[in-house]
Amino acid sequence: MTITADPATMVPASRRFIVLATVSSATMLYAMAITVANVVLPQMRGALSATPDQVAWVITFNLVATAVMTPISGWLSNRFGRRNVLLLGTLGFTIASVLCGLADSLEALVLYRILQGAFGAPLVPVSQAIILDTFPRSQHSLATALWGVGVVMGPIIGPTFGGTIAEEYSWRWVFFMIVPFGVMTFAAIWVFIKRRPNRPKGAPLDWLGFLALAAALAAFQFMFDRGERNSWFESPETIIECTVGFLAAYIFLVHITTAERPFISPKLFLNRNYCIGVVLAFMFGMLNFVPLVLMPSMLQDLRGFPDSTIGILLAIRGAGNLLSFLLVIRLAQWNVHATLSFGFLCQAISGYAISQFDVNVTYFDVAWTGALQGLGIGMSWVPLTLIMFSTVRPEFLDDASAVFHMFRNFSSSLFISICVAVVIRSTFVNSAELGMPLSEFSKLLTLPWVTGVLDLGTVQGLAATSGEIKRQAAMIGYINAFRVYAVIAIIPLPLIWLVRMPKGEDA
């Protein structure tokens, strides 16, 4: 059965698009903050004396804070109103951005990024709920695509300007540049977003369910973030984090199925399309940010690309994303299943192509694979949204949107940690293997066509050889991570075709 939008929430056509532009600016603000931080990860690593896995916490803890706070977006909206939630979220997000720029240690920066993620968490789901509630169902694909155009402007503006600013000044200014956008967004929400008439009365928050879910997400994130450093289950810390994670997840699942008013209604998961969509959203989230975290470090450490160049290359991914939104409306109206499959396939091809790179990777290699990733993400976003919300009743929109974005953000942070661990582990193992032939007893090293310009009889020659071994080993680590990325992108393809769209939603 196709559910039509509630007529009581309808607004004049001209005002719909003003609302759309306003909430798009809020989501653009959040997207810009995530992507701009990726550009300066190598610079932050040096300035804060952090290792690759430690500096990745700047991204992963921001995403996990977003994932923890996202599910209560529906409760916050009903309790305090969507307008107030957007205003507070934008204000807190902007202040946290200023604090990130002022941070004098890695620990302080991670703390402020957690605050930034917590305040920014409601921006995307509440904005999406406003759009789905403001536009009639017949215009949901158009509205979602236009909203998506606003969202992808963040990944274009952020890296382009952020890379140049960081190169000219320092990494701190990429956070300061967010402030003017935050102030303008706050003003637009204040003027153009009105309070909902007949807003549902906010029910008390199910604190047990919320805290159990938050504990599970945080424990699993800590486990994967610190697992490689702690030798995984050889460490008591990893065992404790794993135990807490599974115990909290068990409490959460039992609670929501037995409580009278659970934190997240299990009725949502009785909806076939929504249930499949949650799995697809989890896979989609895994693919979303990994290239943005791995690419800057790879390009700067192994190829010496400057921040401004890296920013432009990441912005090309956003340009591919923008191109997809010019095509996806028509394609999604033609066939949702084929469009979503094409989106995941683009990301799989891109991941496979990157896994064929070597240390001599060129600008063109990074540009076309990044553009293809952006195209795939954009081609996936609209049909995935249509699949998940095509049969969700209006009263469940807030909760459904919050759960969708929770899974998407948590899977992003989780997969970033896994891929960083793959890079570190592969680099360590391959450094040892590639260094094995370097021995004073090796006859190969006496041949000039083997050693080339390297003179292994000098300290400088040995240092250069060691550096090249580490460089090649690190490249193998990145290749392995993108092989995993490509495999993950293929897994959802059969699942997509199990979705049954209502009449009129798909050809």
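The values are calculated or read from the model by the stated rules, or taken from the named source; none is laboratory data. Here the structure is a predicted model, which means the values were calculated and not measured. Glycine also receives a Cβ, built like all others from the backbone with ideal geometry; neighbour counts cover every protein chain displayed.
Annotations
Here is a yes/no grid of residues against (1) in contact with a Ser or Thr (Cβ under 9 Å, 6 or more places away or on another chain); (2) at pLDDT 90 or above; (3) among the β-branched types (Val, Ile, Thr):
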{"site": "THR362", "(1), (2), (3)": "no, no, yes"}
{"site": "LEU384", "(1), (2), (3)": "no, no, no"}
{"site": "GLU395", "(1), (2), (3)": "no, no, no"}
{"site": "MET406", "(1), (2), (3)": "yes, no, no"}
{"site": "ILE416", "(1), (2), (3)": "yes, no, yes"}
{"site": "VAL423", "(1), (2), (3)": "yes, no, yes"}
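- Scope segment 54-80; condition among the hydrophobic types (A, V, I, L, M, F, W, C) and touching a residue at least 60 places away in the same chain (Cβ under 8 Å); matching residues: ALA56, TRP57, ILE59, PHE61, LEU63, VAL64, ALA67, VAL68, ILE72, TRP75, PHE80
- Residue within segment 351-370 that is out of contact with any Leu (no Cβ under 8 Å at 6 or more places or on another chain), in contact (Cβ under 8 Å) with a residue 40 or more places away in the chain, within 30 Å of ASP133 (Cβ to Cβ) and buried (at least 18 other Cβ atoms within 10 Å of the Cβ) present: no
- Residue match in segment 317-324 (condition: in a helix (DSSP H, G or I), over 24 Å from GLY477 (Cβ atoms) and over 23 Å from the mean Cα position of the chain (by Cα)): no
- Matching residues in segment 246-268 - criterion: being crowded, with 16+ Cβ neighbours inside 10 Å and either among the acidic types (Asp, Glu) or within 15 Å of ALA214 (Cα to Cα) (or both): ALA248, ALA249, ILE251, PHE252, HIS255, ILE256, PRO262, PHE263, ILE264
- Test: residue in segment 100-107 that is charged (D, E, K, R), in contact with a Lys or Arg (Cβ under 9 Å, 6 or more places away or on another chain) and farther than 21 Å from PRO180 by Cβ: no
- Selection within segment 65-124 - polar (S, T, N, Q) and either under 18 Å from ALA215 (Cα atoms) or modelled with pLDDT of 85 or more (or both): THR66, THR70, SER73, ASN84, THR90, THR94, SER97, SER105, GLN116
- Helices (runs of 4 or more DSSP H) completely within segment 185-290 that count 3 or more residues being among the hydroxyl-bearing types (Ser, Thr, Tyr): 236-258
- Criterion: over 21 Å from the mean Cα position of the chain (by Cα) and assigned to a helix (DSSP H, G or I) - qualifying residue of SER401, SER411, SER426, SER380: SER426
- When SER170 is tested against (1) modelled with pLDDT of 80 or more; (2) part of a helix (DSSP H, G or I), just one condition goes unmet, and that condition is (2).
- Qualifying positions in segment 296-305 - farther than 14 Å from MET44 by Cα and not aromatic (Phe, Trp, Tyr): MET298, LEU299, LEU302, ARG303, GLY304
- Residue pairs whose Cβ atoms lie under 7 Å apart, separated by 6 or more positions or on different chains, with the first residue in segment 401-428 and without any contact (Cβ under 8 Å) to a residue 60 or more places away in the chain and the second part of a helix (DSSP H, G or I), are SER426/ILE476; SER426/GLY477; SER426/ASN480; THR427/ALA473; THR427/ALA474; THR427/GLY477.
- Some residue of segment 290-312 being touching an Asp or Glu at 6+ places or on another chain (Cβ under 8 Å) and free of Cβ contacts under 8 Å to residues at least 12 places away in the same chain: no
The rows are residues; the columns are (1) outside the structural domain of LEU76 (by TED's automatic domain parsing); (2) among the hydroxyl-bearing types (Ser, Thr, Tyr).
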| site | (1), (2) |
| --- | --- |
| GLU228 | yes, no |
| GLU234 | yes, no |
| ALA249 | yes, no |
| PHE252 | yes, no |
| MET298 | no, no |
| SER308 | no, yes |
| VAL328 | no, no |
| ASN335 | no, no |
| THR339 | no, yes |
